Amino acid sequence: MSEPFGTWYETAGVRSGARRLFHDETDQGKVFYPADQVPYLAHEAVAALPERARRDLTIRHLYQFLLSTAHLETRIVNRAAELIANDRSGVELPVRARLDAFKVYCDEGYHSLYSLDLADQIARETGVEVPPWDYGGFVDALESAGARLLPDVPALVPLLQVVVFETLVTAVLNEIPNDPTVLTVVRDLTRDHAKDEGHHHRFFADFFHRLWTQLDPSLRGPVAHALPALVRACLNWDVVPIIGSLERAGLDPDTARGVVADTYGGDAGADRIAHVCRATVRVFRSAGVLDVPGAHEVFAEHRLLPVTSS
């Protein structure tokens, strides 16, 4: 494996990072979350809401981003990191890689800590409470997708899921730090997260190459054909918090569900999904996944490959 954590003891956020403190810069025109990343804000039913209600929607969208980090880092990523670190993954690895998996584990716990910390700071200063979202539905949906797609090799599912999450997340995190309209603390915290996740991406890209190389050849076809659906499952929005947030803003339940159906249903966001998962697909391609007969076609059917003009 390469050395993505060669300076971890000196540079990792959990070792050297500063606690990020909330300062309200909304009087300078800064926002809690970029409007172009909150798709339902432009919906006519939401556009008609009072400005305060719309502001609170963006705060709760930030909470959703922060709380999903806290839940998924600990419940999805660290579950697999522990398997790797304690040599329970079924993949032969040098001790160095297992030590790096423990570093991932530490990082993800810290990311979860400071995500909840910032949400709590904002709630205390703004009066917009953090809803009791537990992301159980999303986690259950991931479990169901894995059981359905790879019923004969359940031990592989958490390993594949973590590879997907950890090669996707950097693309998502790299957008906010470069947006000067967003609150400084949100940009700084997201930049901190992205820095660590860049190392995680390298680690899990290397881990997947080892996993794929050691995989029984008879399993490569089923895994290659299952991966696109696993990617889509990891990128599916958990709309329960969004519906709840819209209802808190004053929409009746039917209207809230209609807004979500209009902004997240069907092909909504398909282009963004293809953009976000480009690095993940590159990892799979470099390992040889798309060379498996029929795999390229399945990835294309799930709209995970760039569209080329004929």
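Out of V283, V186, V259, V182, report the one residue that is farther than 29 Å from Y110 by Cα, at pLDDT 95 or above and among the β-branched types (V, I, T). Explain how you work it out, then say what you get.
Numbers: V283 fails: farther than 29 Å from Y110 by Cα; V186 fails: farther than 29 Å from Y110 by Cα; V182 fails: farther than 29 Å from Y110 by Cα.
Of the residues listed, the single one that is farther than 29 Å from Y110 by Cα, at pLDDT 95 or above and among the β-branched types (V, I, T) is V259.
Do we have E125 as in a helix (DSSP H, G or I), without any contact (Cβ under 8 Å) to a residue 60 or more places away in the chain and either more than 17 Å from G13 (Cβ to Cβ) or more than 23 Å from the chain's Cα centre (by Cα) (or both) here? Spell out how you get there, then give the answer.
Working: in a helix (DSSP H, G or I): yes; without any contact (Cβ under 8 Å) to a residue 60 or more places away in the chain: no; either more than 17 Å from G13 (Cβ to Cβ) or more than 23 Å from the chain's Cα centre (by Cα) (or both): yes.
The answer is no for E125.
Just to confirm my filter: which helices (runs of 4 or more DSSP H) fall fully inside region 12-75 and include at least 1 residues that are within 24 Å of the chain's Cα centre (by Cα) and at pLDDT 95 or above?
Details: elements: 13-16, 44-47, 51-72.
Passing ranges, in order: 13-16, 51-72.
Going through region 27-41 one residue at a time, which ones are over 17 Å from Y63 (Cα atoms) and without any contact (Cβ under 8 Å) to a residue 40 or more places away in the chain? Lay out the reasoning, then the answer.
First, pick out the residues of region 27-41 that are over 17 Å from Y63 (Cα atoms): 27-29.
Answer for region 27-41, where residues must be over 17 Å from Y63 (Cα atoms) and without any contact (Cβ under 8 Å) to a residue 40 or more places away in the chain: D27, Q28.
Conditions first: (1) under 28 Å from W8 (Cα atoms); (2) without any contact (Cβ under 8 Å) to a residue 60 or more places away in the chain; (3) in a helix (DSSP H, G or I); (4) not basic (K, R). L118 passes all but one, so which condition is the exception?
Status for L118: all satisfied but (2).
Against the definition (assigned to a helix (DSSP H, G or I), surrounded by fewer than 19 Cβ atoms within 10 Å (Cβ to Cβ) and in contact with a Leu (Cβ under 8 Å, 6 or more places away or on another chain)), how does A147 come out, yes or no? Reasoning before the result, please.
Details: assigned to a helix (DSSP H, G or I): yes; surrounded by fewer than 19 Cβ atoms within 10 Å (Cβ to Cβ): yes; in contact with a Leu (Cβ under 8 Å, 6 or more places away or on another chain): no.
No.
Filter region 1-31 down to the residues that are β-branched (V, I, T) and over 30 Å from A287 (Cβ atoms), then identify the one that is surrounded by the most Cβ atoms within 10 Å (Cβ to Cβ).
Of region 1-31, the ones β-branched (V, I, T) are 7, 11, 14, 26, 31.
So of that shortlist, the ones also over 30 Å from A287 (Cβ atoms) come out as 26, 31.
Numbers: T26: 11, V31: 18.
In this case the residue turns out to be V31.
Where residues in region 158-217 are farther than 30 Å from R148 by Cβ and small (G, A, S), which of them is farthest from the chain's Cα centre (by Cα)?
Narrowing region 158-217 to residues farther than 30 Å from R148 by Cβ: 174-196, 198-199, 202.
Now narrow it down to the ones that are small (G, A, S): 194, 198.
Numbers: A194: 11, G198: 13 Å.
Going through the qualifying residues, I end up with G198.
What pairs come out if I take residues in region 92-103 that are modelled with pLDDT of 95 or more and pair them with residues that are surrounded by fewer than 20 Cβ atoms within 10 Å (Cβ to Cβ) and of a type in the set (S, T, N, Q) whose C-beta lies under 8 Å away, six or more apart or interchain?
Close Cβ pairs satisfying both conditions: E92/Q214; R98/N86.
Do you know which of the residues in region 76-98 that are acidic (D, E) and assigned to a loop (DSSP other than H, G, I, E, B) is surrounded by the fewest Cβ atoms within 10 Å (Cβ to Cβ)? Before you say what the answer is, go through the steps one by one.
Residues of region 76-98 that are acidic (D, E), as a first pass: 82, 87, 92.
Okay, now just the ones that are also assigned to a loop (DSSP other than H, G, I, E, B), so 87, 92.
Numbers: D87: 14, E92: 11.
Once the filter is applied, the top-ranked residue is E92.
Taking the stated definitions as given, is A233 at pLDDT 95 or above, buried (at least 16 other Cβ atoms within 10 Å of the Cβ) and touching a helix residue (DSSP H, G or I) at 6+ places or on another chain (Cβ under 8 Å)? Even if it seems obvious, please write down each step before you answer.
Values: at pLDDT 95 or above: no; buried (at least 16 other Cβ atoms within 10 Å of the Cβ): yes; touching a helix residue (DSSP H, G or I) at 6+ places or on another chain (Cβ under 8 Å): yes.
No: the conditions fail for A233.
Tell me, please, whether a residue that is in contact with a helix residue (DSSP H, G or I) (Cβ under 6 Å, 6 or more places away or on another chain) and more than 28 Å from L49 (Cβ to Cβ) can be found in region 257-271.
So far as region 257-271 goes, no, none of its residues is in contact with a helix residue (DSSP H, G or I) (Cβ under 6 Å, 6 or more places away or on another chain) and more than 28 Å from L49 (Cβ to Cβ).
Would you kindly identify the helices (runs of 4 or more DSSP H) lying entirely within region 184-266 that contain at least 3 residues that are of a type in the set (D, E) and touching a residue at least 40 places away in the same chain (Cβ under 8 Å)? Reasoning before the result, please.
Working: elements: 184-214, 217-235, 239-248, 253-264.
Correct list: 184-214.
Go over the candidates E10, E51, E82 one by one and state the one that is free of Cβ contacts under 8 Å to residues at least 24 places away in the same chain, touching a Phe, Trp or Tyr at 6+ places or on another chain (Cβ under 8 Å) and not basic (K, R).
On the way: E10 fails: touching a Phe, Trp or Tyr at 6+ places or on another chain (Cβ under 8 Å); E51 fails: touching a Phe, Trp or Tyr at 6+ places or on another chain (Cβ under 8 Å).
Answer to the check: E82.
Give all pairs with beta carbons closer than 9 Å in which a residue from region 279-298 that is under 13 Å from V163 (Cα atoms) meets a residue that is surrounded by fewer than 15 Cβ atoms within 10 Å (Cβ to Cβ); count only pairs at least 6 apart in sequence or on separate chains.
So the pair list comes out as V281/P306; A287/T213.
The values are calculated or read from the model by the stated rules, or taken from the named source; none is laboratory data. Because the structure is a prediction, the values reported are computed rather than measured. Heads up, the Cβs are rebuilt from the backbone with ideal geometry, glycines too, and the neighbour counts pull from every protein chain shown.
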